[in-house]
Amino acid sequence: MSAPSITAVTPATCRNCSAPTGGAHFCPACGKIQPLPRATDYFTFFGLPQKLTLDLADLEQRFHSLSWKLHPDNFMRASEDERQLSLDRSSQLNDAYRRLRDPVARVEYLLGLAGMRKEGQKKQQAPPELLEEVFELNESLDELRDARGSGGNATEMAGLRTKLEGAQHRFESLLVGVDQELARVSSEWDRALDSGADDTAKKKLMERMNEILNRRSYVRNLVNGVRQELTG
Ligand SMILES: [Zn+2]
């Protein structure tokens, strides 16, 4: 039952006036800044559901509004304790914004919350559908290094570079495809939340997203490797 449960609501009361705060940043009754309930996640931090398709303009607005409210200048005459809280919250706010505004980091974060982010165990192994191309790529990389090492002739080097640039572009467009797939499954996740899907269904979606993230990081490493070799 408890597999991907990621919401933890801590009933909280204001330390100043004892009014219930519902985990809000500021007490709704007296306006004093509140300590963050321990299990607050970044979505809750912004008052958002744990959905993966975010309106970035809305997120930015929430970010600016909160950073203005939490700004240390507003706590110049507050107690030492409240000043510290405002500093802590401000730094959490920046982390939260950084994680949520990026669609990939957002998925990673959500999976992490549920303990569902698992790096591929065979990280160095190519996804089966890429095996052949990765093999060719590595061969060209080796040839380029060899040619470089032995002061290879310019024509040969240029040919290898062109070949590698082609491979780089192919893998880059593959990366675009992977991101599109991630966006598709992200929308599926949102629909699942809306329709009150059960934990098993949610877990399956998370497993799929985890796989996509692993494939993504594999391809991204390939692209970076080629880029490095071509500029190095
Ligand atoms: Zn209060």
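The values are calculated or read from the model by the stated rules, or taken from the named source; none is laboratory data. Given the structure is predicted, the values throughout are model-derived calculations rather than measurements. Cβ placement follows ideal geometry from the backbone for every residue including glycine, while neighbour counts extend to all protein chains displayed. Ligands, DNA and RNA are excluded from the accessible area calculation, which covers all protein heavy atoms including side chains. Shrake-Rupley method; radii C 1.70, N 1.55, O 1.52, S 1.80 Å.
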Residues that are surrounded by 13 or more Cβ atoms within 10 Å (Cβ to Cβ) and within 16 Å of the ligand (Cβ to nearest atom), drawn from the stretch 31-55: Lys32, Ile33, Gln34, Pro35, Leu36, Pro37
Qualifying residue in the stretch 56-73 (condition: open to solvent by less than 90 Å² (accessible area, probe 1.4 Å), among the hydroxyl-bearing types (Ser, Thr, Tyr) and outside any helix (DSSP H, G or I)): no
Residue in the stretch 76-84 that is among the acidic types (Asp, Glu), within 16 Å of the ligand (Cβ to nearest atom) and either free of Cβ contacts under 8 Å to residues at least 60 places away in the same chain or farther than 22 Å from Asp179 by Cα (or both) present: yes
Of the criteria (1) within 12 Å of the ligand (Cβ to nearest atom); (2) of a type in the set (S, T, N, Q); (3) closer than 30 Å to Met209 by Cα, which one Thr21 fails: (3)
Tabulated pairs, the stretch 23-37, first closer than 16 Å to Ser90 by Cα and part of a strand (DSSP E or B), second more than 8 Å from the ligand (Cβ to nearest atom) and basic (Lys, Arg), C-beta under 9 angstrom, 6+ apart or interchain: Phe26/Lys69; Ile33/Lys69; Ile33/Arg89
Some residue of the stretch 129-148 being touching an Asp or Glu at 6+ places or on another chain (Cβ under 8 Å), aliphatic (A, V, I, L, M) and open to solvent by 40 Å² or more (accessible area, probe 1.4 Å): no
